[in-house]
Amino acid sequence: MSVIDWARWVLRAIGSSWLRSLLTMIGIAIGICAVTLLTSIGEGIRVYLLDSFSQFGTRIVAVTPGRTTTQGVAGMLSTVRPLALGDAHALSRLAHVDAVVPLVQGTAKVEAGRYTRDTDVYGVGPDMARAWRFELALGRFLPDEGLENSRYFVVLGARVRQELFQGRNPLGEFVRIGGSRFQVIGTMRKKGQLLGFDLDDAVYIPADLGLAMFNRESLMEVDVVFRASTSTTRIARRIRELLVERHGDEDFTLFTQEDMLASLNKILTMLKFAIGAIGSVALIVGGVGVLTIMTTALRERIEEIGLLRALGCTQRQILALFLGEAILLSVLGGMLGLGVVVLVVMALGAAMPGLPIALDPAFLLLSLLLSRGIGLLAGIVPALNAAALDPIEALHSE
């Protein structure tokens, strides 16, 4: 049997029962559609979250008070010695350190004229905008005044500026934050949201004023941004040595950006595979449909198989005929499912532009290979049974 004859036989077998073949392909299409779409959504969420974290830079080491291994959530329990502004000063003098950002955060009422708004207040150092890659829309960021005896300056987030000043230029104006009077010296460019937190709905004041406003002894965190001339491991070791020397004990915790991204990536990858496994249930159902159809086809074509064997077809050729039909049904179903996925993604992209869906061509190719594998597995048993038929008994089967 030539390749052309083989292709004709397979196409005729599928076309002779086109409705049954179409229903079988729809079963595979639903499975491929579920696996591809759910996996794409999982990959999109993973890429979105990693990009969101990476926007603050990758060469950051965060120092928080307390040992998370023994004291629970850092920053919420008392420590042997709190993280102080002096620690931030000392860290800024380390070699290869580019910027140090002391951080204390709380919520306070911000008043400007007749407008009032409760918003997040960040007490930070003068390097914050550069370290966290925030851009200014107007004015300047907090001046470097040595982190002590700072003047009452404030920089407004984009949303706070719009809500309180309604499009007016706020530079030089005064606002009241937590009962204290601050002069506006700058506004931030719109930054967006991170994990549900609106980064634009915030104001930034000097860290020492933030500690006094929220009556805190310890900073909540100190971010150390280091240069590319050193590695994360080396700078983390130097930070640990310096703070142990100052505190007399390791009563703090270091988080590197690489550790956070690696942990996040690991969790999201597991989530993506879990979602794919759930979607594969539909694919298994589609595979069972192919197996059922091929078993039925075998019973209907016993006489035809006997005739082919009598005309000289080998067992291997009979095997190839049935496997070809099963694989072609599955691949056509897979292509149908991918077509639906593309249409769904385009519709979702038009309706919800912010929805993170990553349609990776590698996933599409993998889905097609998966559908081919399903067809191969589902068709192997009927194909083996067909190839094993005795030609004489098959011709007498009618």
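The number of residues in region 291-301 being among the hydrophobic types (A, V, I, L, M, F, W, C) and open to solvent by 50 Å² or more (accessible area, probe 1.4 Å) comes to 1.
Would region 380-390 turn up any residue that is among the charged types (D, E, K, R), part of a helix (DSSP H, G or I) and more than 22 Å from Ile26 (Cβ to Cβ)? No, the conditions are met nowhere in region 380-390. Screening the candidates Thr230, Thr253 for the property of being open to solvent by less than 50 Å² (accessible area, probe 1.4 Å), in contact with a strand residue (DSSP E or B) (Cβ under 8 Å, 6 or more places away or on another chain), among the hydroxyl-bearing types (Ser, Thr, Tyr) and at pLDDT 80 or above yields one hit, Thr253.
In the condition set (1) more than 23 Å from Asp87 (Cβ to Cβ); (2) crowded, with 20+ Cβ neighbours inside 10 Å; (3) within 36 Å of the chain's Cα centre (by Cα), Ala112 is compliant with all but (3). Taking the conditions exactly as written (of a type in the set (Val, Ile, Thr), at pLDDT below 85 and not in a helix (DSSP H, G or I)), does Ile357 satisfy them or not? It is true that Ile357 is of a type in the set (Val, Ile, Thr), at pLDDT below 85 and not in a helix (DSSP H, G or I). If you go through region 196-235 and keep only what is of a type in the set (Ser, Thr, Tyr) and either more than 18 Å from Pro126 (Cβ to Cβ) or touching a Pro at 6+ places or on another chain (Cβ under 6 Å) (or both), you end up with Ser218, Ser229, Thr230, Ser231, Thr232, Thr233. Give the residues of region 308-347 that are surrounded by fewer than 16 Cβ atoms within 10 Å (Cβ to Cβ), touching a Leu at 6+ places or on another chain (Cβ under 8 Å) and modelled with pLDDT under 80, sorted by residue number. Residue satisfying the conditions is Ala310 alone.
This table checks each residue for (1) in contact with a Cys (Cβ under 8 Å, 6 or more places away or on another chain); (2) surrounded by fewer than 14 Cβ atoms within 10 Å (Cβ to Cβ); (3) at pLDDT below 90.
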position: Arg140; (1), (2), (3): no, yes, no
position: Asp144; (1), (2), (3): no, yes, yes
position: Leu147; (1), (2), (3): no, no, yes
position: Val154; (1), (2), (3): no, no, no
position: Gly157; (1), (2), (3): no, no, no
position: Arg161; (1), (2), (3): no, no, no
position: Arg168; (1), (2), (3): no, yes, yes
position: Phe174; (1), (2), (3): no, no, no
position: Ile177; (1), (2), (3): no, no, no
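The values are calculated or read from the model by the stated rules, or taken from the named source; none is laboratory data. Since this is a predicted model, take the numbers as computed values, not measurements. Quick reminder, even Gly has a Cβ in these numbers, built from the backbone with ideal geometry, and neighbours come from all protein chains shown. Please note that ligands, DNA and RNA were not included when accessible areas were found on the heavy atoms of the full protein model with its side chains. Shrake-Rupley method; radii C 1.70, N 1.55, O 1.52, S 1.80 Å.
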